[in-house]
1. It is to be established whether one or more residues within the range 279-294 are touching a residue at least 60 places away in the same chain (Cβ under 8 Å) and more than 30 Å from Glu136 (Cβ to Cβ).
2. Let me spell it out: the conditions are (1) open to solvent by less than 50 Å² (accessible area, probe 1.4 Å); (2) within 23 Å of the chain's Cα centre (by Cα), and Thr390 meets all of them except one. Which number is the exception?
3. I'm trying to understand the selection: among the residues of the range 205-242, which are among the small types (Gly, Ala, Ser) and open to solvent by less than 50 Å² (accessible area, probe 1.4 Å)?
4. Just one of the numbered conditions (1) open to solvent by 10 Å² or more (accessible area, probe 1.4 Å); (2) among the small types (Gly, Ala, Ser); (3) under 21 Å from the mean Cα position of the chain (by Cα) is not true of Gly289; which one?
5. Do you know which of the residues in the range 349-370 that are among the hydrophobic types (A, V, I, L, M, F, W, C) and closer than 23 Å to Ser410 by Cα is surrounded by the most Cβ atoms within 10 Å (Cβ to Cβ)?
6. Which of the residues spanning the range 228-251 are of a type in the set (Gly, Ala, Ser), in a strand (DSSP E or B) and more than 17 Å from Met315 (Cβ to Cβ)?
7. I'd like to verify a number: residues in the range 228-282 that are out of contact with any strand residue (DSSP E or B) (no Cβ under 8 Å at 6 or more places or on another chain) and of a type in the set (S, T, N, Q), how many?
8. Name the residue, out of Lys316, Lys324, that is surrounded by 15 or more Cβ atoms within 10 Å (Cβ to Cβ) and either among the hydroxyl-bearing types (Ser, Thr, Tyr) or outside any loop (DSSP other than H, G, I, E, B) (or both).
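The values are calculated or read from the model by the stated rules, or taken from the named source; none is laboratory data. All values derive from a computational prediction rather than experimental measurement. Backbone-built Cβ (ideal geometry, glycine too); neighbour counts: all protein chains shown. With ligands, DNA and RNA removed, areas are computed over all heavy atoms of the protein, side chains included. Shrake-Rupley method; radii C 1.70, N 1.55, O 1.52, S 1.80 Å.
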Amino acid sequence: TRNLFPDYQQSISGYNLDLKSEMNKNRKLPVLKDTRASDSSQEEAIDQWARRRKQFKDSKKCSSTGGSSINSTITEGSSKYISLTVVFFFLYVIETLGFYTENFHSAAWVFRGDDVSPDNSPRCLSKRPRPVAIRERTVKIAKGTGNYPWGFRIQFSKPILVTEVDTNSAAEEAGLQVGDILIAVNGTDVTSMPHSEAANMARKGPDILTMVVGSDISRYPNTPRPTCRGYLHKRTQSAILKGWRKRWFVLKHNGYLHYYKHKKDEGKCRPLEVTKLEGAEIGVDTSLGKPFVFKCIPQSGNRIFYFCATSNQEMKRWLEAMEKAVHPVHQNHVWVDVTLHNTTLPPLAIKNPECLGLLHQLDRSKDAWIQHYCILKDGCLYFYATLRSTPAQGGLYLQGYIVSEQSLGSKRSVIELKPPSEEFKTFYLCAENVNENKRWITALKASINKWLPLHQAIQDFMNRPLEETRM
């Protein structure tokens, strides 16, 4: 599968769905280390490689004997760097498969339903009954102990309804919510099955209870996990070079801190290092006698990272963002779980798509257009290799994106997906002809319009007259 969309959230390679679920739990992108190497970072390894390379070039001016001696040294000394690079490249490829979700995680969004009439406020803000937006998703619950090993209750009804989820239970950890409707249990449809029969099927099944549930994605807004970007000075403590180096840092919504040599390298080059911040110790540091310095001690590893900002305000901005990454929200928003469920389906199995067909997406790094079979549903654009391929290669969360028709290079008509902020990525798509482009543009605008930023939804709700009930 090609690496098409940098910063994706989930791995969905065809043979590796088990790997995806494992990454979902842990997203193991550690501070890069090699068991055969020292604790120095990749950047320091690159410096060492550069010095050896220069030494080799200089030796070319000397005798062939000297050159041979230097060459053998490079072969031995570079083995650590090569193995480190191979490990990092594997982790980078794994991370960049999946979905581009940054704009969704940067703010709180409300799904206002399929009926986006201005007279209708989102369900989470109104007591007046609103049409629910039920979408299917998969929930996997590990069996516990005691009389109620799963940690939830279901109602004697058709369809079967989840009426209670125990606090701190396996069901709550798996993301099951009160109000979810049971559709399938361990692969068996239960929509027309008696409550008792479905319960017995769950009890007699494996220790991992797998359920497809119907969930109302308009019930709650998501919890923002904003990113943070900017230049910081990083203290370097290599054996030869010491001091502070200016680097471009990116804190992702998944809680991993990436850094690059330059801002322009983000999305084009592999980061020099990736550090998991969950459980790390973050705080201001005064031991170095330098203003606006703060440190990070990752939970896994014995290194201390020192960073220096340009002002007190900039330091506070980074500390606030890092604190959120240290104590992350582990439970996905229900809509995220819905999209992950949909990626496992064949393209035509996604119910009631708003648009479908072939699209070409611009790969700017190669200046080439890549063809996909695309499905648009609820503000998410899914990308498949072909009409019959499963699972999806990846996709885009489109909340807040502005859709327009533009000309680009030799193409007179392309679809531009422009984000509300320059820190996020702009995407270019192109259908088979101008009429197809217009069809997609209309569908994309309607699909994106189903979502509102929470602050806008609250403002709209406050500006409306009070709801009244006629008697």
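1. Step one: filter the range 279-294 for residues touching a residue at least 60 places away in the same chain (Cβ under 8 Å), giving none.
No, the range 279-294 has no match at all.
2. (1)
3. Kept after step one, since they are among the small types (Gly, Ala, Ser), are these residues of the range 205-242: 205, 214-215, 218, 230, 238-239.
Residues satisfying the conditions are Gly205, Gly214, Ser215, Ser218, Gly230, Ser238.
4. Just one mismatch for Gly289, condition (3).
5. Leu359
6. Within the range 228-251, the first condition is being of a type in the set (Gly, Ala, Ser), and the residues that meet it are 230, 238-239, 243.
Still in the running and in a strand (DSSP E or B): 230, 243.
Passing the criteria: only Gly243.
7. Going through the range 228-282, the residues out of contact with any strand residue (DSSP E or B) (no Cβ under 8 Å at 6 or more places or on another chain) turn out to be 237-241, 253-254, 264, 267-268, 270, 278-279.
Checking the rest, the ones that are also of a type in the set (S, T, N, Q) come to 237-238, 254.
Here the count works out to 3.
8. Of Lys316, Lys324, the one residue that is surrounded by 15 or more Cβ atoms within 10 Å (Cβ to Cβ) and either among the hydroxyl-bearing types (Ser, Thr, Tyr) or outside any loop (DSSP other than H, G, I, E, B) (or both) is Lys324.
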